[in-house]
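A short reminder: the numbers here are calculations on the coordinates, not readings from a lab. The model shown is predicted, which means the values in this text are computed figures rather than measured ones. All Cβ positions, even for glycine, are placed from backbone atoms using ideal geometry, and neighbour counts span all protein chains on display.
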Amino acid sequence: MKILGIETSCDETGVAIIDANIKTKELKILSNVVASSLALHSQTGGIIPNVAAREQAKYMIPVIKEALSSTRGVDLQNPAGSIDVIAVTVGPGLIGSLLVGVETARTLAYVLEKPLVPVNHLIGHIYANFINEIHNSKFIIHNSAADMEFPAIALIVSGGHTDLVYMKKHGSIVWLGGTRDDAAGEAFDKIGRLLGITYPAGAKIEELAKNGNPKAFNFPRPMIYSKDFDFSFSGLKTAVLRETKSLSPAINYEPLTINNICASAQQAIVDVLVAKTIKAAQQYEVKSILLGGGVAANQKLRDEFKWKMTNGKCKIDFFAPPKNLCTDNAAMIAAAAFFNGKQEDWRSIIANPELYFDY
Ligand code: KG4
Ligand code: ZN
């Protein structure tokens, strides 16, 4: 079954075609095209919604064309003959950006007479774990969760969200907790801004942290021992702000200090995410932990989880998506549609910027 996925929730315009084997549940990426207006947002230090929406509209058709033309076996004159299902992100996200993808998907579903599956972007991030990638034209399984055991806990850590959910099975997701203020990715980005690192700062902070000492600054681990599964990262950002103020202006001239701040802040974020996720996994007696979202690309976070699973007391299978599938893309949307897909009439599909874990 070939699924065409469309993702436009924020500043990335993604179109992917995946080949899903209904029997084995193997998902192969045939094409996965992402165009980003990130460079524009780096200049302004964050995303300006109407700029993002305008760029989505500009990229949408060229990205669809590129995804179709780079997929072997897709007849451009007759795409309807090559695609079985269309999947689209309907929320959460920026309304202007979402509308571009949703209206394009509705039009395609109507014109090509194909079923349409609405997908929750956050659930899409979880399903990046279930994709097997093609690499060098050989089929390689990248830590795929395709045969993982339920129940599972999933931690979604992105620029806009930090959520812990309990998955009893495919299609059965219960929200356990989330951030009360900044998301984990947002914390990386805001701390980056304080240090003069361009948006989005997560990957750069990770890089600088490699040459820093994670114990140099004792930043707070907010809510690490709280009884619930909520998070809070705004206090951490304030603690970094205090530190940078006391160091300023010398901070500009001290790369080691910046590296140490990056390493210490990253460690604080990782400690909280790992501790809370493992607490949930133990309390709910799950068999697997799944990581998803842009921050899931962070190697320190992946390593700490792996270390806890192999050397710690917690023997639970741990899965993280291939790094290139952690940030926003449409392959994960197509994957989520395959495992959870509820096909709907194109007339009933609407963009919902406030969509959450409510099904
Ligand atoms: O999932 P995503 O692409 O977009 C949202 O749905 O929000 O996540 C983007 C976020 C940004 O905040 C970015 O700083 C963060 O993911 N990020 C990272 C890394 N790569 C991206 N954070 C920490 N370490 C990374 N390597
Ligand atoms: Zn995302």
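Counting lysine pairs in the range 297-355 that sit 8 or more residues apart in sequence, or on different chains, and whose Cα atoms lie under 25 Å apart gives 8. Spatially close Lys pairs in the range 1-141, defined by Cα atoms under 29 Å apart and a spacing of eight or more places or different chains, total 19. Across every direction, the projection of the convex hull enclosing the Cα atoms of the range 207-329 has a mean area of 8.6 nm².
Against the main long axis of the alpha-carbon atoms of the chain, helix 255-283 sits at an angle near 60°. Counting only the Cα atoms, the range 270-359 fills a convex hull of 133 Å³ per residue.
Between helix 95-112 and the chain there is an angle of about 20 degrees, using the helix long axis and the longest principal axis of the Cα atoms. Charge tally for Ala154 (other residues, Cβ to Cβ under 15 Å; Lys, Arg +1; Asp, Glu -1): +3.
For the range 193-253, report the translational diffusion coefficient in µm²/s to the nearest whole number, using Stokes-Einstein at 25 °C, 0.890 mPa s, and a Kirkwood Rh over Cα pairs. Show your work: numbers first, answer last.
On the way: Rh = 13.4 Å.
Stokes-Einstein gives a translational diffusion coefficient of 184 µm²/s.
Ordered by the count of other Cβ atoms within 10 Å of each Cβ, fewest first, His170, His125 give His170, His125.
Under 24 Å of direct C-alpha separation, and excluding same-chain neighbours fewer than eight residues apart, Lys245 reaches these lysines: Lys190, Lys204, Lys210, Lys215, Lys237.
Axis of helix 184-194 versus longest Cα principal axis of the chain: the two differ by about 60°, to the nearest ten degrees. A simple rule links phi to the HN-Hα coupling: the Karplus curve 6.51 cos²θ - 1.76 cosθ + 1.60 with θ = phi - 60°, which for the range 14-30 gives x, 9, 9, 10, 10, 10, 9, 8, 4, 6, 8, 6, 6, 10, 10, 7, 8 Hz, with x for Gly and Pro.
Derived from the Cα gyration tensor, the three semi-axes of the equivalent ellipsoid of the chain are 35, 24, 18 Å, largest first.
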